[in-house]
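*Asks:* Below is one structure. I have some questions about it.
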Amino acid sequence: MTQDQGRFTRQPVAGGLRIIVHPARPAPAFLAAAGLLGLLFGLPAIAVLIDPGRHDPVGLASALAGFSVVAMAALAWRRARRGRGPRPLLLDAAGLTLPERHLPWAELRALTLRQPGPGLQAATTAGLHVLAARIAARQHAAETALLAETTGEGAPLLVAGGLGPAVAAALRDAVLAARPAQ
């Protein structure tokens, strides 16, 4: 099974082009691993809190550690699903319209791809660490973002995120092809 890299569709509209970006779905194995990790550490932590006989310092510290792992798993789950809904873009003679704001072509300096840094590699050649590294790599493979660098001050604007590198590059080319000659 190949990893979903996302896609985009083009729809001609009066005076321009509408592009609907469909980011890649989160890797199901990544979501399952985060959910399982939360359950494996959360349920024993709840059991410690329910049983008054386990309310000694060691038991409460272990429950706190368990809830810390649950919090990290919840953050990983949330980060994996964030920004994965369809994103409409409108390209016309006036500029590029993002859901957040309109960017005139004169303000657009460049469109750049931001790929996440390399993930941690497993040190062993077999076992659970390799499985975890492969699951994380599948999730990591579809996190390229297309950013619009503007002539003004400030951080680049997000055009689209959650794409594979090839899809993000094709989207950049489609936006640049729709830009009027200056």
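*Asks:* Which residue fluctuates most in the GNM of the chain (Cα springs below 10 Å): THR112, THR151, THR97?
*Replies:* In the Gaussian network model the winner is THR151.
*Asks:* Just tell me, in residue order, which DSSP H segments of the chain are both 30 angstrom or longer along the helix axis (alpha-carbon based) and at least -1.0 in mean Kyte-Doolittle hydropathy.
*Replies:* Helices meeting the criterion: 28-50, 57-81.
*Asks:* Sticking with this structure for a sec: Could you please state how large a percent of the accessible area of the chain is carbon and sulfur, counting protein chains only and using a 1.4 Å probe?
*Replies:* So the carbon and sulfur contribution to the accessible surface is 64 percent.
*Asks:* Taking the chain as a Gaussian network, Cα atoms linked when under 10 Å apart, which of ARG54, ARG172, ARG84 shows the biggest mean-square fluctuation?
*Replies:* Evaluated over the chain, the most mobile residue of the options is ARG54.
*Asks:* Springs between alpha-carbon pairs under 10 angstrom, Gaussian network model over the chain: which of GLY38, GLY95, GLY152 fluctuates most?
*Replies:* Highest fluctuation among the options: GLY152.
*Asks:* A further question on this structure: Taking K and R as +1 and D and E as -1, what net charge do the other residues with C-beta under 14 Å from the C-beta of LEU17 add up to?
*Replies:* +1
*Asks:* Then there is this: Could you check the simple spin-label distance between LEU36 and THR9, using points 7 Å along Cα→Cβ, in nm with one decimal?
*Replies:* For LEU36 paired with THR9, the spin-label model returns 3.5 nm.
*Asks:* What would the Debye formula give as log10 I(q)/I(0) at q = 0.08, 0.17 Å⁻¹ for the alpha-carbon point model of the chain, no solvent?
*Replies:* Once normalised to I(0) and log-transformed, intensities are -0.39, -1.04.
*Asks:* Once the Cβ-Cβ distance between LEU43 and ALA166 is put in as r, and R0 is 35 Å, what FRET efficiency do you end up with, to the nearest 0.05?
*Replies:* So the FRET efficiency works out to roughly 0.30.
*Asks:* Note down the relative contact order for the chain as a percent, whole number, built from C-alpha pairs under 8 angstrom at least six residues apart.
*Replies:* It rounds to 25 percent for the chain.
The values are calculated or read from the model by the stated rules, or taken from the named source; none is laboratory data. Note that the structure is a prediction, hence the values are computed from the model and not measured. Heads up, the Cβs are rebuilt from the backbone with ideal geometry, glycines too, and the neighbour counts pull from every protein chain shown. Side chains included, ligands, DNA and RNA excluded: accessible areas come from the protein's heavy atoms. Shrake-Rupley method; radii C 1.70, N 1.55, O 1.52, S 1.80 Å.
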